[in-house]
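**Student:** Can you read through this structure? Questions will come right after.
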Amino acid sequence: MSSKAVWFPTQSLIESTRLYQWMQQLGFQQYDDFLQAAVNDVGWFWQEAEKALGIEWFHPYDKALDLSKGIKWPDWYVDGRLNVVHNAVDKWANNPATAHRTALVWEGDDGAVKRYTFAELSGWVARVAEGLRKQGIEKGDRVSIYMPMLPETVVAMLAVAKIGAMFSPAFSGYGADAVAKRMEASTAKMLITADGFLRRGKAVAMKEEADRAVAMAPSVEKVVVVRRLGREIPWTEGRDVDWKELEAGVTRSGLQAGDAGRAGSETAGTGLPCEVMNSSDPLMLLYTSGTTGRPKGAVHTHAGFPLKAAFDAGFGMDLKQGETLFWVTDMGWMMGPFLVFGALLNGATAVLFEGSPDYPEPDRLWKLVADHQVTHLGISPTLIRSLMKHGESWVRKHDIGCLRAIGSTGEPWNPEPWMWLFEKAGNRKIPIINYSGGTEISGGILGNVLLRPISPITFNSPLPGMDVDVYDENGQPVRNAVGELVIKQPWVGMTNGFWQDPERYEKTYWSRWPDTWVHGDWVILDDEGFWTITGRSDDTLNVAGKRLGPAEMESVLVGHEAVLEAGTIGVPDEIKGEAAVCFVVLKPGYQPSPALQAELVDLVGEKMGKALRPKTIHFVKELPKTRNGKILRRAMRAAYLDKEAGDLSSLENPEAVEAIRTVRPQTS
């Protein structure tokens, strides 16, 4: 894989970035020096970062970082008091210069569009927050949010946070069992859901699935329902609450009727005041699929996730006040809350999209960008691979000159789709900001900053403030070879353990080497300073003693003209210890055949060496994926070897796993 840069920032672009201007204010001329200073004193760095983000505190913190409980349990912004809703919404609503700027844009699957200013959003959140209180939600309670991408989804999150309760979003495509597991794990007191949503022009029912989930989660006392579709739904009197009831708590200006004397104007007050929260108070529980059947609940705080997300968006991706961020995601994935807090804390607009980026035509994504003047677009490599097959003419239909950057998350790239996006969509001008971290990170570990050249599929820098390295199996730094991605110091946004399971948190990330976070990604750092993620380390193959990231072999296969996508797993082999088995999805117009199978096996041997030729290649219609585009190789391997696959609730297409079961060798 070439690491030669293809995008180069001009000096004027560099000097226009928030990162460069901030670095200069702090007295640094060279980015490398700044990056080093950020890890030499992470407490100093994150103190400066919160100032640069303009975070407003109800009570200032005593010091930025306290490590008295050790590196695994840092205490950030000690004894500071704040509330994320004040910083995301109310402070903009209270400022006449920003009150009437657009905070939120929503587009439905059917093309319906709604827009909300910061002032309108602030008032709406206050009304719903008051309604939540009337329904018995108190500081510290957990509220599950099982919702499609609607404006009410964002309002629900913010209203819960405003009164000091915790929200826990679940992927809108989950079945009842997965939702129930998460509600049960968090002992949620309330579920907020919808009657359904639209996807590809069809109504998708949701309330019935929510009811099934609640039946398995005895802690849930109330179910709030947003009527997106206005369809007939089952209703449990005394338990179910119409969303409109929540909104009835205060007057239109956002103030209780008795507070009319304080009103003045829509921007003068935000109604219900924000609960004053400690920096370390929990804001959100984000559940991730575990390799066992039990999801892990990452605990995020008011001064954690939102600040890291806002920093990465604002300084990592150069999102500025008044610009527009749109990420193709779901609120149940980390990038959903990232979109909300990354945009709003920076005074930017967040775009939510209910539908599919290729419906009703393959240009829907580019139409959205043009219609809403999106400056920062977030996608996954899988999405681009699916759009590529339709050709570049669909991109050309729209003027996307508003775009300043394209972000990418979810999985490693292959070179071909990366170059297609760069050349066909971006005309070789728009930087692709590869961005990788995780739910437990609150954002990115590695990224592409606009101060350095960008090369295909790689990362050009750790995010500032992230003390990152690559270790070999002995815990020693390694270059130009695959190793474990590790983080050597804490950062703002680091998960405050797993919900009521501190031992599992320590075992998951801290058990391999002393005081070292092992993230679970295989990565290469080369002599040019480019980082390449080759896959999850639990996906890694060890063929005849050679460690191999699956993405490397998949890239070779995708390089063949007939191959649209590929997935690679390792299976036990008597001679090599482990051998590669590949699953290939063909492009339209190509048919599976023994000749093509042999040709692809030979291609891998030619490109990677005969010893690494796959044991076999299977043709499949699709690969098992999560909604945000990650290929679930763990599920592929389990199905192929007829083993227990663990938690598969994040899968969008479980039938793809069953298809792999049917091709597995019966003697394995």
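**Student:** Taking only the alpha-carbon positions of segment 118-170 and ignoring solvent, what does the Debye formula give for the base-10 log of I(q)/I(0) at q = 0.20, 0.21 Å⁻¹?
**Tutor:** Each listed q maps to, in turn, -0.63, -0.69.
**Student:** Projected onto the charge dipole of the chain (+1 at Lys/Arg Cβ, -1 at Asp/Glu Cβ, origin at the Cα centre), which of 522, 638, 586 gives the Cα projection farthest towards the positive end?
**Tutor:** Sorting the options by dipole projection puts first 586.
**Student:** Got a sec to turn the phi values of segment 93-110 into Karplus ³J(HN,Hα) couplings, 6.51 cos²θ - 1.76 cosθ + 1.60 with θ = phi - 60°, whole Hz, x for Gly and Pro?
**Tutor:** 5, 7, 9, x, 6, 10, 4, 9, 6, 6, 9, 9, 10, 10, 10, x, 3, 8
**Student:** About the Cα centre, and with charges only on the beta carbon of Lys, Arg (+1) and Asp, Glu (-1), how big is the dipole of segment 285-381? Nearest 20 debye, please.
**Tutor:** Result for segment 285-381 is approximately 460 debye, rounded to the nearest 20.
**Student:** Quick one: which residues, 5+ away or cross-chain, put their amide H under 5 Å from the amide H of residue 330? H built at 1.01 Å from N.
**Tutor:** Sorted by chain and number, the residues that satisfy this are 336.
**Student:** Okay, next question. Straight distance only, please: which lysines reach the Cα of residue 621 with their own Cα at less than 26 Å, same-chain residues fewer than 8 apart left out?
**Tutor:** Partners within reach: 202, 389, 587, 607, 630, 643.
**Student:** Any idea what diffusion coefficient segment 19-85 gets from Stokes-Einstein, in µm²/s, Kirkwood Rh on alpha carbon pairs, 25 °C, 0.890 mPa s?
**Tutor:** Roughly 186 µm²/s, to the nearest whole number.
**Student:** Let me ask something additional. Please compute one quarter of the surface area of the Cα convex hull for segment 505-559 and express it in square nanometres.
**Tutor:** Orientation-averaged projected area of the Cα hull: 5.5 nm².
**Student:** Along the principal axes of its C-alpha atoms, what lengths does segment 562-602 span, in descending order and rounded to whole Å?
**Tutor:** Computed over the Cα atoms, the extents are 37, 18, 12 Å.
**Student:** Could you estimate the translational diffusion coefficient of segment 522-651 from the Stokes-Einstein equation, with Rh from the Kirkwood formula over C-alpha pairs, at 20 °C and 1.002 mPa s, in whole µm²/s?
**Tutor:** 140 µm²/s
**Student:** Kindly work out what percent of the DSSP beta bridges joining two residues of the chain are antiparallel, to the nearest 5.
**Tutor:** About 60 percent, rounded to the nearest 5.
**Student:** Please report, as a whole percent, how much of the solvent-accessible surface of the chain comes from carbon and sulfur atoms (probe radius 1.4 Å).
**Tutor:** Reported share for carbon and sulfur atoms: 48 percent.
**Student:** Treating the Cα atoms of segment 351-398 as identical point scatterers in vacuum, please give the log10 of the normalised Debye intensity I(q)/I(0) at q = 0.13, 0.16, 0.22, 0.31 Å⁻¹, two decimals.
**Tutor:** The calculated log intensity ratios at q = 0.13, 0.16, 0.22, 0.31 Å⁻¹ are -0.26, -0.41, -0.80, -1.45.
**Student:** How compact is segment 77-197 by the rule of thumb for globular proteins, expressed as Cα Rg over 2.2 N^0.38 Å?
**Tutor:** 1.13
**Student:** Each residue of segment 427-442 in turn: what ³J(HN,Hα) in whole Hz from Karplus with 6.51, -1.76, 1.60 and θ = phi - 60°, glycine and Pro shown as x?
**Tutor:** Result, ordered by residue: 6, 6, 10, 8, x, 9, 8, 5, 8, 9, x, x, 4, 7, 9, 6 Hz.
**Student:** What's the Cα-based Rg to Rh of segment 402-514, Rh via Kirkwood?
**Tutor:** 1.03
**Student:** Mind checking segment 464-524 for GluC sites (Glu not before Pro) that DSSP puts in a loop (not H, G, I, E or B) and that have at most 10 other Cβ atoms within 10 Å?
**Tutor:** In loop regions of segment 464-524 (DSSP not H, G, I, E or B), the sparsely surrounded GluC sites (Glu not before Pro) are 473.
**Student:** Here's something else I'd like to know. What ratio of Cα Rg to 2.2 N^0.38 Å holds for segment 612-668?
**Tutor:** 1.11
**Student:** If you don't mind, another one. Based on the alpha-carbon gyration tensor of segment 461-611 and its eigenvalue square roots a ≥ b ≥ c, which shape applies: rounded if a/c is under 1.5, prolate if not and a/b is larger than b/c, or oblate?
**Tutor:** Prolate.
**Student:** List the trypsin sites (Lys or Arg not before Pro) within segment 507-562 that DSSP assigns to loop and that have no more than 15 neighbouring Cβ atoms inside 10 Å.
**Tutor:** 512
**Student:** Please state the charge dipole magnitude for segment 390-521, taken about the Cα centre, from unit charges on C-beta atoms (+1 on K and R, -1 on D and E), reported in debye and rounded to the nearest 20.
**Tutor:** For segment 390-521, the charge dipole is close to 720 debye.
**Student:** Can you give the percent of C-alpha pairs in segment 316-427 whose distance is more than 20 Å?
**Tutor:** Across segment 316-427, Cα pairs with separations above 20 Å total 36 percent.
**Student:** A follow-up question, please. Just going by the charge dipole of segment 69-158, with Lys and Arg at +1 and Asp and Glu at -1 on Cβ, which of 150, 80, 108 is farthest out on the positive end?
**Tutor:** Farthest along the dipole direction, towards plus: 80.
**Student:** Okay, moving on. Using unit Cβ charges (K, R positive; D, E negative) and no other charged atoms, how large, in debye to the nearest 20, is the dipole of the chain about its Cα centre?
**Tutor:** Computed charge dipole of the chain: roughly 740 debye.
**Student:** Any idea what the alpha-carbon Rg over 2.2 N^0.38 Å comes to for segment 1-42?
**Tutor:** 1.41
**Student:** Can you give me the P(r) profile for segment 373-465? Cα pairs, bins 10 angstrom wide beginning at 0, each as a whole percent.
**Tutor:** Whole-percent P(r) values from 0 Å outward: 16, 51, 28, 5, 0.
**Student:** Evaluate the Debye formula for segment 89-149 with equal point scatterers sitting on the alpha carbons, no solvent, and hand back log10 of I(q)/I(0) at q = 0.14, 0.21 Å⁻¹, in q order, two decimals.
**Tutor:** -0.56, -0.95
**Student:** Moving on to the next point. What residues have an amide H closer than 5 Å to that of residue 228, excluding those fewer than 5 places away on the same chain, when H is modeled at 1.01 Å from N in the peptide plane?
**Tutor:** The answer is 195, 196.
**Student:** Then there is this: Give me the 1.4 Å probe accessible area per residue for the chain, excluding ligands and nucleic acids, in Å².
**Tutor:** With the other protein chains kept in place, the chain gives 36 Å² per residue.
**Student:** Further question on the same structure: Amide H of residue 443 versus every other amide H placed in the peptide plane: which residues, excluding those fewer than 5 positions away on the same chain, fall under 5 Å?
**Tutor:** 438
**Student:** Once the Cα gyration tensor of the chain is diagonalised, what are the square roots of 5 times its eigenvalues, in whole Å and ordered largest first, as equivalent ellipsoid semi-axes?
**Tutor:** 39, 29, 25
**Student:** Now, a different point. Within segment 560-668, list the trypsin sites (Lys or Arg not before Pro) lying in a DSSP loop whose Cβ has at most 12 other Cβ atoms in a 10 Å radius.
**Tutor:** Here the sparse-neighbourhood loop sites are 621, 643.
**Student:** Once the whole set of protein chains is in place, how much accessible area is left on residue 68, using a 1.4 Å probe, in Å² to the nearest 10?
**Tutor:** Spelled out: residue 68, probe radius 1.4 Å, area about 90 Å².
**Student:** I would also like to ask the following. Give the Rg (one decimal place) followed by the Dmax (whole number) of segment 527-598, computed from C-alpha coordinates and expressed in Å.
**Tutor:** Answer for segment 527-598, Rg first and Dmax second: 14.1, 42 Å.
**Student:** Spelling out what I want: for every residue of segment 567-578, take phi, set θ = phi - 60°, compute 6.51 cos²θ - 1.76 cosθ + 1.60 (Karplus), and round to whole Hz; glycine and proline get x.
**Tutor:** Those phi angles translate into x, 10, 10, x, 10, x, 9, 4, 8, 8, x, 8 Hz.
The values are calculated or read from the model by the stated rules, or taken from the named source; none is laboratory data. A quick note: this is a predicted structure, and the numbers were derived from the prediction, not measured. Positions of Cβ are backbone-derived with ideal geometry, glycine not excepted, and every protein chain shown enters the neighbour counts. Note: accessible area is taken over every heavy atom of the protein model, side chains too, but ligands, DNA and RNA are not part of it. Shrake-Rupley method; radii C 1.70, N 1.55, O 1.52, S 1.80 Å.
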